[in-house]
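Just below is one structure, and these are the notes that go with it.
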Amino acid sequence: MNRLSLVLLLAIPGWFQLAAQEFSGGFRAGINFATIDGPSEASDSGNSLEEYKMSTGFHVGATANLKFNDYFGLRAELLYSQKGTDYNYNGQSFWILYTEDDQPIYATGDRNTSLSITNSYIDIPFMAVGRYGRVEISGGASLGFLVSSRGSGELTFSGQTAAGSTVDPFTVVLDFSYFDDTFRRTDIDDVEIRDIDGKTVKIPKTLTTNFQELEGKQDLFKTIDLGLIGGLAFYLNQGLYVGLRVNYGLSDLTKTEQDPSRKELNEDNNLIFRDDKDHNLTLQASVGFSF
């Protein structure tokens, strides 16, 4: 009995402290400006071949606040957030043409790719929040789970085969669903037929993968993304606010085995896989309300 009384006495201050804290909820929504931060391939002359531009998306979700006093608190959120990039490749490259009996013909030349990538995440940010009058500063970490990944665009290639035949320019539509598509080169039936090196070759009009050589599941991006976040908000009244936030991914978001070089093949005409680091970089402009 004495032990129980002692436990109750020790617990009472904690109960009062918890009761003094304020729990509240809210929501926020807005626009994402996103890109991928990573190294670019360079041509033999040293020029950059790749460019990652900002793409636009949106975010929306709920917030939960734990307020300790008028100046400090904690916040957790559950957000649907679109990230990605507008990707361009322009310059030195290769293409593998396939004959009717699926034999390769290797060509080198120039590739021009324009690809809009949209990666949708469920983000769970955890932040410490400081409030000074109408101004709020926040910082913390975010855990993201990739739930959808799509890409659309086109590429154009022209060049010359190893035997010296000219490959006139052709354009291929790119339509990727990285989660859903299982690519088989022999399943392609919408093709352009050409005679190259004295053989009949099939050039696909549409591809669900950047590389015909990568058959199977096309899951280029990893499922989990851990990042750091920092934000600034201004309260228009007691509950309504506008804010800016930066989210930088710490995780390498691409899988090496799905990320080959677009510049060249190795000496055996096999793909060269890139063991580099690519990170999400997202700027969010939001409107929110805290109850």
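The values are calculated or read from the model by the stated rules, or taken from the named source; none is laboratory data. This structure is a prediction, so every number in the text was calculated from the model and none was measured. A quick note on method: Cβ atoms are made from the backbone with ideal geometry, for glycine too, and the neighbour counts reach across all protein chains shown.
Hey, does region 230-247 have a residue that's touching a residue at least 12 places away in the same chain (Cβ under 8 Å), closer than 20 Å to Tyr87 by Cα and hydroxyl-bearing (Ser, Thr, Tyr)?
no
From the set of residues in region 244-272 that are charged (D, E, K, R) and in a strand (DSSP E or B), which is modelled with the highest pLDDT?
For region 244-272, the residue satisfying everything is Arg245.
Consider Asp101 against the criteria (1) crowded, with 19+ Cβ neighbours inside 10 Å; (2) of a type outside the set (Val, Ile, Thr); (3) more than 23 Å from the chain's Cα centre (by Cα): it satisfies all of them except one. Which criterion is unmet?
If we test Asp101 against (1) crowded, with 19+ Cβ neighbours inside 10 Å; (2) of a type outside the set (Val, Ile, Thr); (3) more than 23 Å from the chain's Cα centre (by Cα), just (1) comes out false.
Which members of region 162-194 meet the condition of being of a type in the set (Ser, Thr, Tyr) and either surrounded by fewer than 18 Cβ atoms within 10 Å (Cβ to Cβ) or farther than 30 Å from Thr223 by Cα (or both)?
Hits for region 162-194 are Ser165, Thr166, Thr171, Ser177, Thr182, Thr186.
Is there any pair with a first residue in region 21-42 that is of a type in the set (Asp, Glu) and a second that is at pLDDT below 95 whose Cβ atoms are under 6 Å apart and which are 6 or more apart or on different chains, and what are they?
That search, which allows pairs on different chains as well, returns Glu22/Lys67.
With Asp259, Asp197, Asp276 as the choices, which residue is touching a Gly at 6+ places or on another chain (Cβ under 7 Å) and over 30 Å from Ser138 (Cβ atoms)?
Numbers: Asp259 fails: touching a Gly at 6+ places or on another chain (Cβ under 7 Å); Asp197 fails: touching a Gly at 6+ places or on another chain (Cβ under 7 Å).
On inspection, the qualifying residue turns out to be Asp276.
From Ser40, Ser120, which residue is hydroxyl-bearing (Ser, Thr, Tyr), touching a strand residue (DSSP E or B) at 6+ places or on another chain (Cβ under 7 Å) and in a strand (DSSP E or B)? Give the steps one after another, and end with the answer.
Working: Ser40 fails: in a strand (DSSP E or B).
None of the others qualify; the one that does is Ser120.
Show the residue pairs meeting these rules: Cβ distance below 7 Å; 6+ apart or different chains; first residue within region 66-92 and closer than 25 Å to Phe221 by Cα; second residue at pLDDT below 95 and part of a strand (DSSP E or B).
The qualifying pairs are Tyr89/Arg262.
Identify the single condition in (1) outside any strand (DSSP E or B); (2) acidic (Asp, Glu); (3) surrounded by 13 or more Cβ atoms within 10 Å (Cβ to Cβ) that Asp275 does not satisfy, given that it satisfies every other one.
Of the numbered conditions (1) outside any strand (DSSP E or B); (2) acidic (Asp, Glu); (3) surrounded by 13 or more Cβ atoms within 10 Å (Cβ to Cβ), the odd one out for Asp275 is (3).
For every residue, the table says whether it meets (1) in a strand (DSSP E or B); (2) aliphatic (A, V, I, L, M); (3) modelled with pLDDT of 90 or more; (4) surrounded by 14 or more Cβ atoms within 10 Å (Cβ to Cβ).
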{"residue": "Leu10", "(1), (2), (3), (4)": "no, yes, no, no"}
{"residue": "Leu18", "(1), (2), (3), (4)": "no, yes, no, no"}
{"residue": "Asn32", "(1), (2), (3), (4)": "yes, no, yes, yes"}
{"residue": "Ile36", "(1), (2), (3), (4)": "yes, yes, yes, yes"}
{"residue": "Ser45", "(1), (2), (3), (4)": "no, no, yes, no"}
{"residue": "Gly73", "(1), (2), (3), (4)": "yes, no, yes, yes"}
{"residue": "Tyr89", "(1), (2), (3), (4)": "yes, no, yes, yes"}
{"residue": "Ser93", "(1), (2), (3), (4)": "yes, no, yes, yes"}
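Just one of Arg150, Arg111 is part of a strand (DSSP E or B), of a type outside the set (Phe, Trp, Tyr), surrounded by 17 or more Cβ atoms within 10 Å (Cβ to Cβ) and at pLDDT below 95; which is it?
The match here is Arg150.
Where residues in region 226-280 are within 30 Å of Leu74 (Cα to Cα) and small (Gly, Ala, Ser), which of them is farthest from the chain's Cα centre (by Cα)?
This residue is Gly239.
For region 121-159, enumerate the residues that are among the hydroxyl-bearing types (Ser, Thr, Tyr) and either under 16 Å from the mean Cα position of the chain (by Cα) or farther than 23 Å from Phe58 by Cβ (or both).
Selection gives Tyr121, Tyr132, Ser142, Ser148, Ser149, Ser152, Thr156, Ser158.
Of the residues in region 195-205, how many are surrounded by 14 or more Cβ atoms within 10 Å (Cβ to Cβ) and over 36 Å from the mean Cα position of the chain (by Cα)?
Total satisfying the criteria: 3.
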